[in-house]
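Down below is the structure, laid out as structure tokens.
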Amino acid sequence: MTNRNRAIGGLLTLAVAVGVAVCPPTGDDGSRQSAGTTVAAAKSTHATDHARLRAVLHRLTTVDGGPGALVEVRNRTGRTVLTSGVADVRTHAPVHRDSRFRIGSMTKMFVATVMLQLVGERRVALDAPVERYLPGVVRGHGNDGRKVTVRQLLQHTSGIPDILDHLSPQEILEDPLAHREMRDLVDIALAHPPTFEPGTGWRYSNTGYFLAGMIIERVTGRTHGEEIRRRIITPLGLRETYVPGDSSEIPGPHPRGYVRPGEDAPLRDITALNPTVGGPAGEMISSGGDVNRFLAALLRGRLLGPGQLREMTRTRPTGNSDGRAYGLGLESRPLPCGGRYWGHTGDIPGYETAGGATVDGRQATVMVNLGPGGPDAQSDDIKAAVQTALCEGRGRHEERPADTR
């Protein structure tokens, strides 16, 4: 879930002053090479490349105070993994190059993709009212499912109040292993009036994605997690991606996840978390490689038909000064080197993430194992890392991608 309560931690004072840790490259057969370079498995990338990207990662784990950071970049020439800082502040173990981590609101890209597949199958209509699929659920305090459409849920234009405005991080930290029902979280949010009339504004609402998950279950007879596994994870072979449900564990190698629960407070390990608090708005676990593979498949049309992909990438401005625009579960932002990229950011206790991809075949995913409690600079530098990776990954002779907003 995107967490707007970053102020809970104040400015982070911990600086894990560890230089950029790098992974030795692998050969075409996957075997380790002995050369000590800063780039892993990038077939046509020299050790002197990615200087700007390494500098951003180093800033994330020093000035910004994150314990550890990872970026995985993919383009037509290969795969690059860079890490900085530590996966565990107690043991000082480095961040593993194949780390899994909670991806927070990047879950929304997967949920929106499933919903648009159902649209393509004519089992859901984007501009149908939510009431058609969830009769009587969105009612009270001015909220009315007869006036809110499925499209508005996915695009954050419904006006439905955000659960995170009414469920504080402190409540989550007090009982991180608690199971939370989707309907209960929705009802907490709907006990408050809408933020605007449906379709008249834009405001991020995690509640809309809980409702989207409920629609998927009502239409298919299977949970959103089962549908994500059946429709996306299995066909794409995403072996490091999970919809964990009630499981509090992160399978495979992973950095510990930390929060800073108050200004000047010590870091708290919150790796063990019941992700039902995120549900279809933010529960998933993945890796840099799998997120990049998903984004590549999505933009290449492997998951959606042309009409559904057009709907997903039909954006509206969010009012941000950085040019951010929002489609259906997918953000668009301008690149400093020209063109735009598509992706999403994510926050869930323990981790902050971002992923992005261009239409010409470049992808980058970034993770820091701290949140909430990091400074605003952490979020800025995570986005800067994605943009730097995508711009550095553009070949000299590649054309700039068209502005597809």
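The values are calculated or read from the model by the stated rules, or taken from the named source; none is laboratory data. Source: prediction; values computed, not measured. Please note: Cβ atoms are built from the backbone with ideal geometry, for glycine as well, and neighbour counts cover all protein chains shown. For the accessible areas, the whole protein counts, side chains as well, though only heavy atoms, and no ligand, DNA or RNA atoms are used. Shrake-Rupley method; radii C 1.70, N 1.55, O 1.52, S 1.80 Å.
Go through region 336-379 and count every residue that is closer than 21 Å to GLY262 by Cα and among the charged types (D, E, K, R).
Count: 3.
Can you tell me which of TYR209, TYR204 is under 17 Å from PRO280 (Cα atoms) and in a helix (DSSP H, G or I)?
TYR209
Tell me which of these GLN170 doesn't satisfy, since it passes every other one: (1) modelled with pLDDT of 95 or more; (2) outside any loop (DSSP other than H, G, I, E, B).
(1)
Of all the residues that make up region 161-209, how many are open to solvent by 10 Å² or more (accessible area, probe 1.4 Å), of a type in the set (A, V, I, L, M, F, W, C) and within 24 Å of VAL119 (Cβ to Cβ)?
Total meeting the criteria: 2.
Is it fair to say GLY338 is over 18 Å from the mean Cα position of the chain (by Cα), farther than 24 Å from GLY237 by Cα and not aromatic (Phe, Trp, Tyr)?
Spelling it out, GLY338 is indeed over 18 Å from the mean Cα position of the chain (by Cα), farther than 24 Å from GLY237 by Cα and not aromatic (Phe, Trp, Tyr).
Quick one: in region 76-108, of everything that is assigned to a loop (DSSP other than H, G, I, E, B) and of a type in the set (D, E, K, R), which residue is farthest from ARG59 (Cα to Cα)?
Selected residue: ARG76.
Which members of region 109-144 meet the condition of being in a loop (DSSP other than H, G, I, E, B), in contact (Cβ under 8 Å) with a residue 12 or more places away in the chain and either in contact with a Leu (Cβ under 6 Å, 6 or more places away or on another chain) or within 20 Å of THR313 (Cα to Cα) (or both)?
Correct list: VAL124, ALA125, LEU126, ASP127, ALA128.
So which of GLY301, GLY356 is part of a loop (DSSP other than H, G, I, E, B) and at pLDDT 95 or above?
GLY301
Could you list, in sequence order, the residues of region 353-391 that are open to solvent by 10 Å² or more (accessible area, probe 1.4 Å) and either among the aliphatic types (A, V, I, L, M) or out of contact with any Lys or Arg (no Cβ under 6 Å at 6 or more places or on another chain) (or both)?
Answer for region 353-391, where residues must be open to solvent by 10 Å² or more (accessible area, probe 1.4 Å) and either among the aliphatic types (A, V, I, L, M) or out of contact with any Lys or Arg (no Cβ under 6 Å at 6 or more places or on another chain) (or both): VAL359, ASP360, PRO375, ASP376, ALA377, SER379, ASP380, LYS383, ALA384, GLN387, CYS391.
Select from region 232-269 the residues that are surrounded by fewer than 18 Cβ atoms within 10 Å (Cβ to Cβ) and outside any loop (DSSP other than H, G, I, E, B) and list them in ascending order.
Correct list: THR234, PRO235, LEU236, ARG268, ASP269.
Report the residue count in region 304-334 for those that are touching a helix residue (DSSP H, G or I) at 6+ places or on another chain (Cβ under 6 Å) and assigned to a loop (DSSP other than H, G, I, E, B).
6
Spot the failing condition for TYR326; the list is (1) open to solvent by 10 Å² or more (accessible area, probe 1.4 Å); (2) modelled with pLDDT of 95 or more; (3) under 28 Å from THR157 (Cβ atoms); (4) not acidic (Asp, Glu), and only one is missed.
The one condition TYR326 does not meet is (1).
So which of THR404, THR345, THR315 ends up being of a type in the set (Val, Ile, Thr), at pLDDT below 95, open to solvent by 20 Å² or more (accessible area, probe 1.4 Å) and on the phi < 0 side of the Ramachandran plot?
Step by step, each of THR404, THR345, THR315 is checked, and only THR404 is of a type in the set (Val, Ile, Thr), at pLDDT below 95, open to solvent by 20 Å² or more (accessible area, probe 1.4 Å) and on the phi < 0 side of the Ramachandran plot.
Within 25 Å of ARG203 (Cβ to Cβ), within 13 Å of the chain's Cα centre (by Cα) and not hydrophobic (A, V, I, L, M, F, W, C), is that true of GLY355?
Against the criterion (within 25 Å of ARG203 (Cβ to Cβ), within 13 Å of the chain's Cα centre (by Cα) and not hydrophobic (A, V, I, L, M, F, W, C)), GLY355 qualifies.
To keep it simple, each residue is scored yes or no on (1) over 22 Å from PRO253 (Cβ atoms); (2) modelled with pLDDT of 95 or more; (3) open to solvent by 50 Å² or more (accessible area, probe 1.4 Å); (4) basic (Lys, Arg).
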residue	(1), (2), (3), (4)
GLY36	no, no, yes, no
ALA42	no, no, no, no
ARG59	yes, yes, yes, yes
VAL71	no, yes, no, no
VAL81	no, yes, no, no
